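Step one of this worksheet: look at the structure below.
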Amino acid sequence: MTEPFGLRESATFDRATIAGIQRAAETGIYDIRGGGTKRALPHFDDLVFLGASMSRYPLEGYRERCDTDVVLGDRNARQPLHLDIPITIAGMSFGALSAQAKEALGRGASEVGTSTTTGDGGMTPEERGQSKYLVYQYLPSRYGMNPDDLRAADAIEVVLGQGAKPGGGGMLLGQKISDRVAGMRTLPAGIDQRSACRHPDWTGPDDLTIKILELREITDWAKPIYVKIGASRTYYDVKLAVAAGADVVVLDGMQGGTAATQDVFIEHVGIPILAALPQAVRALAELGLHRKVQLIVSGGIRTGADVAKAMAMGADAVAIGTAALIALGDNHPRYAAEYAALGSAPGCYDDYQDGRDPAGITTQDPELAARLDPVEGGRRVANYLRVLTMEAQTLARACGKAHLRNLEPEDLAALTIEAAAMAGVPLAGTSWIPGAAG
């Protein structure tokens, strides 16, 4: 849009930056919000598939199978997870989300044969009761930590970091600390909760080894142990996680969401999943454990194309969080008037910390939460997961692959020099990988 009088806006001090400075000057506090990074970052959209024609043979979608199952955690666990699809639901806590939302996620995941994850704050009966496969997150806060719940879970995820805030702890403001949430977390109701940024049980990888052994003893060596890291020093963190005994590494890129943290953290800490994923694969390959220790990646997964590209780059599975909430009804246009009353709009609502979500998803207000029907929400999540899977299968067949895990970097090309360098695949139309040896 052309400004009147020939005026020009500053690229450095644009309207959002000016508004942020003005808000800081008026309030004297930093901005807290939910969601993920809003600025454009290199992502899977910067990659394309090289479909088959003459030099490769595609598969016929109506007559030839493309399988999607994945086994997670068979390195040490007696009962690894065997999922029907390689798309899981990431950890989002009861507290950040309503009990209805947690139940809906469990229903949706179970309908398509995949797993969901507890998040900080412990396990709820609604979620366990409706989740065929439930991963229990063990976080620095240890809120709601219960050995019986560890044994009742199907896997345990030790969380060392999160993509939206690697190096930072969680945040749940007092307006979302209901009596039930407070009871599960052993906290006073209505008081802000800030989780620690590091676990109190260990100070380094050697101590983590002891903790993982302790968790294996608690669960009789039956349950897979995941270790989740936020994407930053990925190569070294993956090697240390594997050395500590992880069966599965969960890698969360900076496009991943959060219920609440500092805006400056979301936008300026961590690296995109496109840059982190090849580092993780290289670390596992150098240990001789790629595909033996499974790799789950998350942070901005939206479409079946994202799923297929992540797997072609070496992931065994992906996890979705923000996209799952959108599938439930988050940021839906039907709530436009109520979002406007909150000073937001559909597509922009990220004030999850306020607990006033009109969709009933990121709230502990009983009247708002009652708006979300867990059965209908579960159906929507299941539909979305099916579409992601079918899209990924379509792309895999176009590359001649009879299983999603058979996708490989050779099937990809990059559209930008930055994406080619980060992903380690050639720039489209060339054989050039920027920075590659030789």
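The values are calculated or read from the model by the stated rules, or taken from the named source; none is laboratory data. It should be emphasised that the depicted structure is a prediction, and the values quoted were computed from it without experimental measurement. Positions of Cβ are backbone-derived with ideal geometry, glycine not excepted, and every protein chain shown enters the neighbour counts. The area values use the complete protein model at the heavy-atom level, side chains included, leaving out ligands, DNA and RNA. Shrake-Rupley method; radii C 1.70, N 1.55, O 1.52, S 1.80 Å.
By the rule of a C-alpha distance below 26 Å, with chain neighbours fewer than 8 residues away ignored, the lysines paired with residue 176 are 38, 102, 165, 228. In a fully extended conformation the segment linking residue 197 and residue 39 would gain 54.4 nm over its present Cα-Cα distance, using 0.36 nm per residue. Calculated accessible area for segment 270-334 comes out at 27 Å² per residue, all protein chains present (probe 1.4 Å; ligands, DNA, RNA ignored). Taking the 1.4 Å solvent-accessible surface of the chain as the whole, the part contributed by carbon and sulfur is 55%. Shown is the FRET efficiency for residue 8 and residue 29, computed with R0 = 45 Å from the Cβ-Cβ distance and rounded to the nearest 0.05: 0.90. Once label points are set 7 Å from the Cα along Cα→Cβ at both residue 63 and residue 19, what is their separation, rounded to one decimal in nm? That separation, rounded to one decimal, is 5.6 nm. With K and R counted +1 and D and E -1, the other residues having a Cβ less than 12 Å from that of residue 401 yield a net charge of -1.
Stretching the chain fully between residue 332 and residue 206 yields a gain of 40.7 nm (0.36 nm per residue, less the alpha carbon separation). Potential lengthening of the chain between residue 415 and residue 367 amounts to 12.5 nm, from the contour at 0.36 nm per residue minus the alpha-carbon distance.
Listed by chain and number, the aspartates and glutamates whose alpha-carbon sits under 13 Å from that of residue 239, ignoring those within fewer than 8 places in the same chain, are 206, 247, 286. In this structure segment 1-99 gives 65 Å² per residue of accessible area when probed at 1.4 Å with all protein chains present.
Taking the solvent-accessible surface of protein heavy atoms with a 1.4 Å probe, what is the per residue accessible area of segment 186-263 in Å²? Write down the numbers at each step before the final one.
Working: 3230 Å² over 78 residues.
Using a 1.4 Å probe on heavy atoms only, each residue of segment 186-263 averages 41 Å².
Positive end of the dipole of the chain (Cβ unit charges, origin at the Cα centre): among 175, 12, 196, the Cα lying farthest that way belongs to 196.
A crude spin-label estimate for the pair residue 152 and residue 264, with each label 7 Å from Cα along the Cβ direction, gives 4.1 nm.
The relative contact order of the chain, computed from alpha carbon pairs under 8 Å that lie at least 6 residues apart in sequence, is 23 percent.
Please find the FRET efficiency linking residue 348 to residue 186, where r is the Cβ-Cβ separation and R0 is fixed at 41 Å, and quote it to the nearest 0.05.
Values: r = 35 Å, r/R0 = 0.86.
Efficiency for this residue pair is about 0.70.
Building the convex hull from the alpha-carbon atoms of segment 294-376 and averaging its projection over directions returns 6.6 nm². The sum of -39500 (n - 2.57) across all DSSP H runs of n ≥ 4, divided by the residue count of the chain, sets its helix-only mean residue ellipticity at 222 nm to -10000 deg cm²/dmol. Just to be sure I understand: with springs between alpha-carbon atoms less than 10 Å apart, which residue in 303, 389, 258 has the highest mean-square fluctuation in the Gaussian network model of the chain? For the chain, modelled as a Gaussian network with Cα springs under 10 Å, the answer is 303.
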